[in-house]
1. Filter the range 94-130 down to residues that are surrounded by fewer than 19 Cβ atoms within 10 Å (Cβ to Cβ) and of a type in the set (Gly, Ala, Ser) and give me whichever is nearest to SER148 (Cα to Cα).
2. Starting from the range 204-219, take each residue that is more than 28 Å from GLU83 (Cα to Cα) and modelled with pLDDT of 95 or more and list its partners that are assigned to a strand (DSSP E or B) and charged (D, E, K, R), counting only C-beta distances under 9 angstrom and pairs at least six apart or across chains.
3. If I ask for residues that are more than 15 Å from GLU192 (Cα to Cα) and among the charged types (D, E, K, R), which ones from the range 362-378 would you list?
4. Where residues in the range 263-288 are in contact (Cβ under 8 Å) with a residue 40 or more places away in the chain and over 26 Å from ALA401 (Cβ atoms), which of them is surrounded by the fewest Cβ atoms within 10 Å (Cβ to Cβ)?
5. Are there any strands (runs of 3 or more DSSP E) wholly within the range 93-154 with 1 or more residues that are more than 25 Å from the chain's Cα centre (by Cα), and if so which?
6. Just the residues that are touching a Phe, Trp or Tyr at 6+ places or on another chain (Cβ under 8 Å) and either of a type in the set (Gly, Ala, Ser) or more than 16 Å from LEU330 (Cβ to Cβ) (or both), please, taken from the range 400-441.
7. Looking at (1) crowded, with 24+ Cβ neighbours inside 10 Å; (2) touching a Lys or Arg at 6+ places or on another chain (Cβ under 9 Å); (3) among the aliphatic types (A, V, I, L, M), which is the one condition that is false for MET365?
Amino acid sequence: MKKTVVIVLFFFALFLLASCDMELTPNPTEPTVVPTEPIDTVDPTIEPTIPVEPTIPVNIESFDRLFNDDVRKSLTIEISTEEWNALDDKMIAYQKRFGDYRTDDYARAKLIYEDHLGVVEIDDIGLRTRGNTSRVRIQDDQGNLNLSHFKISFKEDFNIDELKPNKDRTVFNLEEIDMKYNRNWDSTYISEKFSYDLFRRFGVYAPYVTLAEVYIKIGQTKHFYGLYTILEPIDELFLQKRLPIEQTEGDLYKALWQQFGPASLQDNYHSNAIGIKDEDINYRPAYDLKTNKKSSNHSDLITLIDNLNNYTGITFRDYIEDHFDVDRLLRLLAVGVLLGNPDDYRSMGNNYYLYHNPVLDKWTMIPYDYDHGLGQGWDGAPGFSNYTVGADIYDWANLNAIFLNQPGYPHPLTDKLLDERVYQIIYETYLGILVDPEEGYFSFEVFYEAYDKQKQLYKNYVGDAMMNLNFTRRNTEWYFNEKVADIVMQLAYYKDHPRY
């Protein structure tokens, strides 16, 4: 069934949408689907609907317990010296073979989680490093520890018979936990968390994120690594928390710039760009299938890419309405402009997931890796300046064109979508809602409230960590105020001078 495309006059939409309710509903439900009309007969007085995201039922060692931002919490990983050194040896061997440290071998360890409710101990977890260009050895030749991103797996059995039941184990309603250290030395500690939270609040499927102190006890010595960002992985359980169970059995792809170039959705991709990652032979496709690995032939993705590149005009609009969650994508694009992360699909063909809902026959884009943005991290040079403040909402910098020396390098999904006036109006409307202070989505005051909550929880402890970075607001007030003013000015211009 098609979703209605909503056309709204910009300032009228701001007034109408002021009362939209974005609160979470008690149980997972199917995303809002509106009866379809042909694009050229859509009623322009209908206001955009903002889909709501379900909460997770609360139970012992629940998802909500881990992602409770109101309490201080810690994760301590206990690992033997032998297991730690063996993991380091595997990373060294992998680097000698392939030139980087991106082995996915796990070491056997134990996790101790602690919060205001007490302690949870989980034996026989898997521990490994994670990251693409950011991955380093866990220690140097002298045994000095390196700050690293980590992944915890609750389902490893280490080829031990008595651990086979762990294959079906979940903790906090998760099979894995992703853990990122503050690589950009962001003194607010919450830029990535705020980014994902904003996506979710505005109706985009995005991970839950929280902060926690991370300790690693190697042998008898305990090391305080610092305040880490703890992320919900994007996997089958992620889908099951957001969709009816019958809609969660489709193909899920992780899309990154890898060995075969950007994941730009162009139809001139290398034959090996779509596949299933195999780190044992250092095979890393741009479109890495994460589900249905034994049954999928990638035909759904191949069809999507072909049609995105070959359809134009009304044929493209009909196809995209039928086969993509357009409303959620426009929300994602609008939030992305405000966050100012240059390392995304629209600029780089990088850092996103694609999921094909087999019941609705629709694709959804899920944002991934937002440690850049909000005036910190990579500023986007040479395509952007001033941390994207002043970048045109339509002529967003094309970094692939610069880095690959290919002028006009296409990103067909967003290029074609934002060439259509009907979608431009919705996109501009959503930008207007996001920067409207009455709506409470994107402002320094909203950011500061989230920042100060975490500061009060953790400020007295971060000074003792390997990353001993104290909390400060850095330049966030400048960024939010300048970004909002810039977007308001551009929206006024495009209201009087429609792009097409």
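1. Of everything passing the filter in the range 94-130, GLY99 is nearest to SER148 (Cα to Cα).
2. PRO207/ASP178
3. Within the range 362-378, the subset more than 15 Å from GLU192 (Cα to Cα) is 362-365.
LYS362, the sole residue that qualifies.
4. GLU279
5. On the way: elements: 107-115, 118-130, 149-153.
Output list reads 107-115, 118-130.
6. Those that are touching a Phe, Trp or Tyr at 6+ places or on another chain (Cβ under 8 Å) and either of a type in the set (Gly, Ala, Ser) or more than 16 Å from LEU330 (Cβ to Cβ) (or both): ASN400, ALA401, GLY432.
7. Against the list (1) crowded, with 24+ Cβ neighbours inside 10 Å; (2) touching a Lys or Arg at 6+ places or on another chain (Cβ under 9 Å); (3) among the aliphatic types (A, V, I, L, M), MET365 comes up short only on (1).
This table checks each residue for (1) basic (Lys, Arg); (2) in contact with a strand residue (DSSP E or B) (Cβ under 6 Å, 6 or more places away or on another chain); (3) surrounded by fewer than 23 Cβ atoms within 10 Å (Cβ to Cβ).
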residue	(1), (2), (3)
VAL337	no, no, no
GLY340	no, yes, no
ASP343	no, no, yes
SER347	no, no, no
ASN350	no, no, no
VAL359	no, no, yes
ASP379	no, no, yes
TYR387	no, no, no
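The values are calculated or read from the model by the stated rules, or taken from the named source; none is laboratory data. Predicted model, so just to flag it, every value in this text is computed and none were measured. Virtual Cβ from ideal backbone geometry, glycine too; neighbours counted across all protein chains shown.
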